Amino acid sequence: MTFDYDPQNIFARILRGEIPNKTVYENDHALAFHDIAPQAPVHVLIIPKGAYVSFDHFARDASAEEQAGFMLAVAEVCRIAGVEDGFRAIANTRKHGVQDVPHFHLHILGGRVLGPMLPRG
Ligand code: 5GP
């Protein structure tokens, strides 16, 4: 499988500082910021700083350091957001996953009971 990265996608522009964001946490390999249209009291997006289109692209091609940095960001976001009662992590991927922004991002949603994982049917 080939992954074609579009450097003009909105999260690439956020990483270049061309578009502002409300940063929650940042390290050498990842940036976390509030979603512009939150769907829960906690709705944070965590993105790698490298040019990865999707979760499977990142899992296949990111270095061990990049993957460790990303996972540290997940832990720090959960700590900062205070989601002790639980949360949901979602990585929408391509057409069937209804991914809108083609730069890998993990949604961290919490702050309330989120309901069923998927609509029935
Ligand atoms: P996807 O459907 O690709 O999984 O989710 C993309 C997410 O990015 C959506 O939840 C959307 O609200 C968020 N988003 C889109 N554009 C921006 C933006 O410019 N800034 C921020 N903070 N979030 C954005």
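At a Förster distance of 25 Å, what's the computed FRET efficiency of ILE80 paired with ASP28, Cβ-Cβ distance as r, to 0.05?
0.90
For every helix of n ≥ 4 consecutive DSSP H residues, a contribution of -39,500 (n - 2.57) applies; sum these over the chain, divide by its total residues, and give [θ] at 222 nm rounded to the nearest 500 deg cm²/dmol.
Estimated from H runs of four or more residues: -8000 deg cm²/dmol.
Given a 1.4 angstrom probe, what's the average accessible area per residue across the range 1-114, in square angstrom?
Dividing the accessible area of the range 1-114 by its residue count gives 58 Å².
Heavy atoms only, probe 1.4 Å: what % of the accessible area of the range 35-83 goes to carbon and sulfur, would you let me know?
Values: 1450 of 2360 Å².
It is 61 percent, rounded to a whole number.
Using a basic spin-label model with each label point 7 Å from the Cα along Cα→Cβ, how many nm lie between ARG120 and GLU18?
Once both label points are built, they end up 4.6 nm from each other.
With each pseudo-label sitting 7 Å past Cα toward Cβ, what's the ARG112-LEU72 distance in nm, one decimal?
Computed distance between label sites ARG112 and LEU72 equals 3.4 nm.
Charges at C-beta only: +1 for Lys and Arg, -1 for Asp and Glu. How large is the resulting dipole of the chain about its Cα centre, in Debye rounded to 20?
420
Over the Cα atoms of the chain, each weighted equally, I'd like the Debye log10 I(q)/I(0) at q = 0.09, 0.17 Å⁻¹, rounded to two decimals.
Values, matching the q order: -0.24, -0.87.
In whole Å, what are the Cα extents of the range 60-108 along the three principal axes, biggest one first?
Result, largest extent first: 32, 26, 13 Å.
Can you give the charge dipole size of the range 66-121 about its Cα centre, rounded to the nearest 20 debye, using +1 on the beta carbon of Lys and Arg and -1 on the beta carbon of Asp and Glu?
Magnitude of the dipole: close to 320 debye.
Between ILE90 and ASP61, with labels modelled 7 Å along Cα→Cβ, what's the label distance in nm to one decimal, could you check?
2.6
Under 8 Å for C-alpha pairs, at least 6 residues apart: give me the relative contact order for the chain, rounded to a whole percent.
Taking the mean separation of contacting Cα pairs over the length of the chain, I get 30 percent.
Please give the FRET efficiency for ASP4 paired with ILE36, using the beta carbon to beta carbon distance and R0 = 22 Å, rounded to the nearest 0.05.
According to the calculation, E is roughly 0.30.
The values are calculated or read from the model by the stated rules, or taken from the named source; none is laboratory data. The model shown is predicted, which means the values in this text are computed figures rather than measured ones. Reconstructed Cβ throughout: ideal geometry from the backbone, glycine too, with neighbour counts over all protein chains shown. Remember, those area values only see protein heavy atoms, side chains included, never the ligands or the DNA or RNA. Shrake-Rupley method; radii C 1.70, N 1.55, O 1.52, S 1.80 Å.
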